[in-house]
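Beneath this line is the structure, given in C-alpha cells, with notes to follow.
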Amino acid sequence: MIHSKQAQRGLPTAERGPLAVVLLRLRNVLVTSLNSGRIRKYAGHCTIVSGQNKTRGMDIQSGSPFGQGDSTKQQERHYYLLSELQTLVKDLPSSFQQRLSYTTLSDLALALIDGTVYEIVQRLLDIQHLTERNLYNQRQKLHCEHQALKQELTKKHKAALQVCKPHNLALLKPTQQAEFEALEVRLKEEQKMMDKKIVAEMDQKVIDQQNTLEAAGVAGFFITTNPQELTMQMNLLELILKLQQKESQSGGFCY
C-alpha cells in the first residue's frame, strides 16, 4: 500500500501482483514503534501503556486530543498540519481530491499531531523494502534452480547422444525431447505456485497494514480489497510521507 519511489525497489514491476506493492505484516508495529509500549483499543479509544505510566491517547471516534501538553499548541499544530495536507492534496488527481473531504483531512491531521503515526509508517516502509528483497530473492533462487536442472538435463542428453548407436538415434531423440518437455511443464507449474504464494502473502500484508493503521486511528484506513479504496489509502500514505519529510527538513514539529 505504501507507494513511493523508495518502495519501488525490490520486486520487478511485473512481479508485484495486482497491488503493485509489497506490504509488511506487522502484528505489533505499534509496540515496536513506541519503545515496547502497548496500545489497547477498546470502547472507541486507544490507550498507550508503557511500563507503569499510562497516557490516555486520542478518542478515535471524536478525534479529540487528550493527555499532556498545551491544548493551545496542539490546536495550532492541528491547524498547521491540516493546512499542509490541503496544500499537498492539490498534487493528487482531481478524482481523489474530491473524495478527500475537509473532515477526512482534519481527522488525518489529528492522528499526526504527536508524530507516532510517522514512526509507524516509516517502520512499515523500512521493513517493506526488506520484504521486497526477500520475496525477490526467493523467486530468483527458484529461477536459478530451474536453470540448473535444465542445464543438467541438457548435459545428460548430449552425453547420451555421443555414445548412442546410429540405429538408436531415431528412438533416443524423441525420448529426450519428451523428457525435456515434461521437465519444462513441471518447472512452469512450480513457478506458478511460487507466484501464487507471493501474491497471497502480499494480499495478507495489505490486510495487516490496514489493521495496523486503523488501530492507530489514521483516517481512511480499514480492511478493503476495493482497488479504488486501496489507491486512496496509498495516496493518504503518500501525503503522510511527504509531510513527514517536510517536517524532518525543517528540524522537527512545526507549530
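Descriptive notes on the structure:
- Condition broken by Lys197, with the remaining ones in (1) in contact with a Phe, Trp or Tyr (Cβ under 7 Å, 6 or more places away or on another chain); (2) within 30 Å of Gln151 (Cβ to Cβ) satisfied: (1)
- For region 213-240, the set of residues classified as assigned to a helix (DSSP H, G or I) and over 18 Å from Leu110 (Cβ atoms) consists of Pro227, Gln228, Glu229, Leu230, Thr231, Met232, Met234, Asn235, Glu238, listed by residue number.
- Residue match in region 190-210 (condition: over 22 Å from Gln140 (Cβ atoms) and modelled with pLDDT of 90 or more): yes
- For region 95-105, the set of residues classified as assigned to a helix (DSSP H, G or I) and within 13 Å of Leu239 (Cα to Cα) consists of Phe96, Gln97, Thr104, Leu105, listed by residue number.
- Residue in region 90-100 that is modelled with pLDDT of 90 or more, closer than 16 Å to Gly217 by Cβ and not small (Gly, Ala, Ser) present: no
- Boolean, Lys197 is touching a helix residue (DSSP H, G or I) at 6+ places or on another chain (Cβ under 7 Å) and not polar (S, T, N, Q): no
- Exclusive hit being part of a helix (DSSP H, G or I) and free of Cβ contacts under 8 Å to residues at least 60 places away in the same chain, set Glu132, Glu119, Glu201, Glu152: Glu152
- Unmet requirement for Ile113, which otherwise passes all of (1) surrounded by 13 or more Cβ atoms within 10 Å (Cβ to Cβ); (2) in a helix (DSSP H, G or I): (2)
The values are calculated or read from the model by the stated rules, or taken from the named source; none is laboratory data. Note that the structure is a prediction, hence the values are computed from the model and not measured. Counting neighbours? That spans all protein chains shown, and the Cβs are built from the backbone with ideal geometry, glycine included.
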